[in-house]
1. Over segment 6-136, what is the relative contact order in percent, taking alpha-carbon pairs closer than 8 angstrom and at least six residues apart?
2. Farthest toward the dipole's positive end in the chain, which of A123, T135, Y32, given Cβ charges of +1 (Lys, Arg) and -1 (Asp, Glu) about the Cα centre?
3. If Lys and Arg each add +1 and Asp and Glu each add -1, what is the summed charge of the other residues whose beta carbon sits under 15 Å from the beta carbon of L26?
4. Label point 7 Å out from E125 along Cα-to-Cβ: which residues of segment 47-61 have amide N under 18 Å?
5. Give me the dipole magnitude in Debye, nearest 20, for segment 16-88 about the Cα centre, with unit charges on the beta carbon: positive for Lys and Arg, negative for Asp and Glu.
6. In nm, to one decimal, how far is the modelled label at S41 from the one at A29, with both set 7 Å along Cα→Cβ?
7. List the residues whose amide H sits under 5 Å from the amide H of V122, counting only those 5 or more places along or on another chain, with H placed 1.01 Å from N in the peptide plane.
8. What is the angle, in °, between the Cα long axis of helix 124-138 and the longest principal axis of the Cα atoms in the chain? Nearest 10 is fine, range 0 to 90.
Amino acid sequence: MSALDLAALVPLGASATRQVTVTRELTVAHAYPGLPEVYASPQMIMLMEMACADAIGAHLPAGWVSVGVHVDVKHLAATPIGMTVTASAKVVAVDARSVRFKVSAHDGLDLIGSGFHVRAPVALERFVEGVARKTAKLGERP
């Protein structure tokens with residue numbers, strides 16, 4: 001596959017949002033019993049990453065996807081079960097190999113997270129082939 005001209009494909013300011021209602025399965029208490037039933041940081045980051053992927057997905061050629069390569073996010077406030085979290089992503093920079101996003105998450109009352117995320121577009125077929133090669137190596141271990 002040839003390299004993409006990302007700057008020509010992905011416009012600055014492209015944006016998207018994703019929402020989720022917090023359930024027990026999305027809380028830190030689900031993984032660590034005894035801790036409060038509040039939205040877990042990894043779940044917030046995943047929602048932010050999905051919003052980023054949505055923001056640029058339509059700008060990529062058929063057969064291409066984006067993968068997360070860097071996360072720099074602060075989790076600022078707790079969100080209990082039942083609240084709806086909205087993650088927002090906006091393209092703030094594009095270079096030859098990656099796209100940088102400003103991300104945030106809000107629960108309707110508070111800004112609960114903010115920071116930056118970087119994604120790199122890849123040809124899906126090439127990515128899947130790489131995963132298959134690595135998976136095959138699992139059987140080769142002593």
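1. Relative CO of segment 6-136 lands at 29 percent.
2. The one lying farthest along the dipole's positive direction is T135.
3. Overall, the nearby charge balance is -2.
4. Within reach of a label on E125: 60-61.
5. Roughly 60 debye, rounded to the nearest 20.
6. Distance between the two pseudo-spin positions: 2.0 nm.
7. V65, S66, V67
8. 80 degrees
Every number here is computed from the coordinates shown, using simple stated rules; none is lab data. Bear in mind the structure is a predicted one, so any value in this text is a computation, not a measurement. Positions of Cβ are generated from backbone atoms using ideal geometry, with glycine treated the same way; all protein chains shown enter the neighbour counts.
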